[in-house]
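I'd like to ask some things about the structure below.
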Amino acid sequence: MVLVRYFAAAEEAAGREEEHLSLVEPTVGALREELADRYGDAMRLVLRNGSFLVDGVVSRDPAALIGERVDVLPPFAGG
């Protein structure tokens, strides 16, 4: 079980600040797919240029393993 926290446009797309998710494969790629499936086009837009903060380190690598908490960050000014 991973705590997923959403910020700014990611929070708007998810309609919540955070939630706990169970993933079969604990990777950034699996989380990206799960969020896109759950929240549709609005979340896909966020994920296209956004990033994940995994244990304090920004990651866009789909193979990166995730731990107990992941922050979904939208693109910021300058992208």
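Against the definition (among the basic types (K, R) and in contact with a helix residue (DSSP H, G or I) (Cβ under 7 Å, 6 or more places away or on another chain)), how does R38 come out, yes or no?
Numbers: among the basic types (K, R): yes; in contact with a helix residue (DSSP H, G or I) (Cβ under 7 Å, 6 or more places away or on another chain): no.
Spelling it out, it is not the case that R38 is among the basic types (K, R) and in contact with a helix residue (DSSP H, G or I) (Cβ under 7 Å, 6 or more places away or on another chain).
Name, by its number, the condition in (1) surrounded by 12 or more Cβ atoms within 10 Å (Cβ to Cβ); (2) out of contact with any Asp or Glu (no Cβ under 7 Å at 6 or more places or on another chain) that does not hold for L53.
Here L53 clears every test but (2).
Could you check, for segment 14-34, whether at least one of its residues is modelled with pLDDT of 95 or more, polar (S, T, N, Q) and surrounded by 15 or more Cβ atoms within 10 Å (Cβ to Cβ)?
Looking for residues that are modelled with pLDDT of 95 or more, polar (S, T, N, Q) and surrounded by 15 or more Cβ atoms within 10 Å (Cβ to Cβ), one finds at least one in segment 14-34, hence yes.
Now for a separate question. Does G40 meet the test of being on the phi > 0 side of the Ramachandran plot and of a type outside the set (V, I, T)? Show your work before the answer.
Working: on the phi > 0 side of the Ramachandran plot: yes; of a type outside the set (V, I, T): yes.
Here the answer is yes, as G40 does meet what is asked.
Would you mind stating whether L45 is at negative phi, among the hydrophobic types (A, V, I, L, M, F, W, C) and surrounded by 17 or more Cβ atoms within 10 Å (Cβ to Cβ)? Reasoning before the result, please.
On the way: at negative phi: yes; among the hydrophobic types (A, V, I, L, M, F, W, C): yes; surrounded by 17 or more Cβ atoms within 10 Å (Cβ to Cβ): no.
It is false that L45 is at negative phi, among the hydrophobic types (A, V, I, L, M, F, W, C) and surrounded by 17 or more Cβ atoms within 10 Å (Cβ to Cβ).
Where residues in segment 65-79 are touching a residue at least 24 places away in the same chain (Cβ under 8 Å), surrounded by fewer than 18 Cβ atoms within 10 Å (Cβ to Cβ) and more than 19 Å from H20 (Cβ to Cβ), which of them is nearest to the chain's Cα centre (by Cα)?
For segment 65-79, the residue satisfying everything is P75.
Okay, next question. Give all pairs with beta carbons closer than 6 Å in which a residue from segment 48-61 that is under 19 Å from A9 (Cβ atoms) and assigned to a strand (DSSP E or B) meets a residue that is polar (S, T, N, Q) and modelled with pLDDT of 90 or more; count only pairs at least 6 apart in sequence or on separate chains.
Partner pairs satisfying both residue conditions: F52/S59; V58/S51.
The values are calculated or read from the model by the stated rules, or taken from the named source; none is laboratory data. The structure presented is a predicted model; accordingly, all values stated were derived computationally and were not measured. We place every Cβ from the backbone using ideal geometry, glycine too, and count neighbours over all the protein chains shown.
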